[in-house]
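K.L.:
Just dropping this structure here.
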């Protein structure tokens with residue numbers, strides 16, 4: 001079974017597919033190694049099981065060490081160079097926010113630094129797209145006002 005090219009091809013395909021479930025960007029290189037051993041076996045370049053196993057180990061580890069860092073960058077996504085520190089409700093006092101859900105009975109939602117927060121105010125005057133100012137917080141709910149308050 002180990003001497004058949006289809007064994008290595010199926011193993012390689014399963015290892016590559018496993019990367020979708022355990023995304024450590026490691027299994028894909030072992031999958032590539034297995035497929036290359038399958039191709040080498042089909043072409044008659046290797047035949048003994050010991051040779052196949054050694055070739056699989058060498059190719060997989062070489063691919064892992066040489067290409068992983070270069071390929072990992074493709075899966076990270078775009079990250080902004082600008083970092084303004086962690087934003088929490090306490091340090092948000094005085095920050096400008098945009099209303100994302102109209103306020104009804106004093107409750108709505110606002111966007112602060114790209115994150116949507118529950119918010120409360122004394123009035124129902126805020127509609128979607130309006131600007132509000134953070135005046136405090138109650139737990140993780142922001143307290144907002146129509147007028148900018150001086151930072152404490």
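K.L.:
Output the qualifying pairs, or none if there are none: Cβ atoms under 9 angstrom, residues six or more apart or on different chains, first residue in region 23-47 and closer than 13 Å to residue 6 by Cα, second residue at pLDDT 90 or above and in a loop (DSSP other than H, G, I, E, B).
P.N.:
That search, which allows pairs on different chains as well, returns 37/46; 39/45; 40/46.
K.L.:
Filter region 90-117 for residues that are surrounded by fewer than 17 Cβ atoms within 10 Å (Cβ to Cβ) and outside any strand (DSSP E or B); which is farthest from the chain's Cα centre (by Cα)?
P.N.:
105
K.L.:
Listed residues 54, 61, 99; which is at pLDDT 85 or above and in contact with a strand residue (DSSP E or B) (Cβ under 9 Å, 6 or more places away or on another chain)?
P.N.:
Going through 54, 61, 99 in turn, just one is at pLDDT 85 or above and in contact with a strand residue (DSSP E or B) (Cβ under 9 Å, 6 or more places away or on another chain): 99.
K.L.:
Let me ask something additional. If we scan region 68-87, do we find a residue that is over 30 Å from residue 27 (Cα atoms), surrounded by 15 or more Cβ atoms within 10 Å (Cβ to Cβ), in contact with a strand residue (DSSP E or B) (Cβ under 9 Å, 6 or more places away or on another chain) and at pLDDT below 90?
P.N.:
No: region 68-87 contains no residue that is over 30 Å from residue 27 (Cα atoms), surrounded by 15 or more Cβ atoms within 10 Å (Cβ to Cβ), in contact with a strand residue (DSSP E or B) (Cβ under 9 Å, 6 or more places away or on another chain) and at pLDDT below 90.
The values are calculated or read from the model by the stated rules, or taken from the named source; none is laboratory data. In this text the structure is predicted, and so the values were computed from the model without any measurement. As a convention, Cβ positions derive from the backbone with ideal geometry for all residues, glycine included, and neighbour counts pool all protein chains shown.
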